[in-house]
Amino acid sequence: MEIGIIGAGAFAQAFAKRVLKAGHKIKLSNSRGPESLREIVNHLGSGAMAATTEEAAACEVVLLAVPWDNVPEILASLPTWKNQIVIDGTNPFHGKAGTFTPADVGNLSTSQLVAALAPGARVVKALNNMIVPNLEADPVVNGARRVAFISADDGAAKKRVEALLKAFGYSVVDLGNLRDGGLIQQAGGPLAGRDFLERGD
């Protein structure tokens, strides 16, 4: 599978490494264009390609991993979504790393707002509980698997992302719909940034 990634920060790159390790390919994009990504793509290695945001968004599965303040502009700049699955990795913070202030998203989850800004996409909230070092680390820790949480209103899209995350090596827990599950795992929720492990029988 070829997975598009919109955003090229630390979280996006950590996700890209997981995708490549699972045997898939990626199209990595940012607002500055493919030329600005050559060094990162070379470092990621085989299976990684620098792309425009439009090319990344055309993939069957797309990770949205841009700062919250950039979400409306990025989504407005893209062509109409045609049933692609969008994994929402955003969090409601203004500013960049080190200067974060919480954003007011009212009574909605960030993923509900993303879904409203991306009509035609099937939005799945995932991986918001994982900080970058844990996403980069081995999913199996002393025989236990790291837990990845997912939320979505579209059952088929959720199953597809669940299968992908299981292929990465995670134990996946379904938190329900975009609103309730999204609020639980996004920044400010009880699961955000926490490292959960699940042991098998």
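The values are calculated or read from the model by the stated rules, or taken from the named source; none is laboratory data. Just so you know, these numbers come straight off a predicted model, no measurement behind them. When we count neighbours, we look across all protein chains shown, and the Cβ atoms used for this are built from the backbone with ideal geometry, even at glycine. Heads up: the accessible areas ignore ligands, DNA and RNA and are worked out on the full protein's heavy atoms, side chains in. Shrake-Rupley method; radii C 1.70, N 1.55, O 1.52, S 1.80 Å.
Give the residue that is surrounded by the fewest Cβ atoms within 10 Å (Cβ to Cβ), with candidates limited to residues of the range 82-136 that are among the acidic types (Asp, Glu) and either closer than 25 Å to Ala22 by Cα or modelled with pLDDT of 85 or more (or both).
Among those residues, the one meeting the criterion is Glu136.
Restricting the search to the range 59-92, which residues are of a type in the set (A, V, I, L, M, F, W, C) and assigned to a helix (DSSP H, G or I)?
Scanning the range 59-92 gives Trp68, Val71, Ile74, Leu75, Ala76.
With the condition kept exactly as written, say whether any residue in the range 26-45 is within 22 Å of Pro133 (Cα to Cα), out of contact with any Leu (no Cβ under 6 Å at 6 or more places or on another chain) and among the small types (Gly, Ala, Ser).
Taking every residue of the range 26-45 in turn, at least one turns out to be within 22 Å of Pro133 (Cα to Cα), out of contact with any Leu (no Cβ under 6 Å at 6 or more places or on another chain) and among the small types (Gly, Ala, Ser).
For the range 46-58, give me each residue that is outside any loop (DSSP other than H, G, I, E, B) and open to solvent by 60 Å² or more (accessible area, probe 1.4 Å).
Met49, Glu54, Glu55
For every residue, the table says whether it meets (1) exposed (fewer than 15 other Cβ atoms within 10 Å of the Cβ); (2) in a strand (DSSP E or B).
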| position | (1), (2) |
| --- | --- |
| Arg145 | no, yes |
| Ile150 | no, yes |
| Ala157 | no, no |
| Val161 | no, no |
| Lys166 | no, no |
| Val173 | no, yes |
| Gly181 | no, no |
| Pro190 | yes, no |
| Asp195 | yes, no |
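Of all residues in the range 49-86, which are of a type outside the set (A, V, I, L, M), more than 18 Å from Gly120 (Cβ to Cβ) and within 17 Å of the chain's Cα centre (by Cα)?
Selection gives Pro67, Trp68, Asp69, Asn70.
Enumerate the pairs (first residue in the range 106-118 and under 17 Å from Pro190 (Cα atoms) and touching a residue at least 60 places away in the same chain (Cβ under 8 Å); second residue anywhere and charged (D, E, K, R) and assigned to a helix (DSSP H, G or I)) with beta-carbon separation below 7 Å, excluding pairs fewer than 6 apart on the same chain, so at least 6 apart or on different chains.
These pairs meet every condition: Leu108/Arg179; Ser109/Arg179.
Please go through the range 34-56 and pick out each residue that is touching a helix residue (DSSP H, G or I) at 6+ places or on another chain (Cβ under 9 Å) and either within 28 Å of Pro92 (Cβ to Cβ) or among the hydrophobic types (A, V, I, L, M, F, W, C) (or both).
Within the range 34-56, Ile40, Val41, Leu44, Ala48, Met49, Ala50, Ala51, Thr52, Thr53, Glu54, Glu55 meet the criteria.
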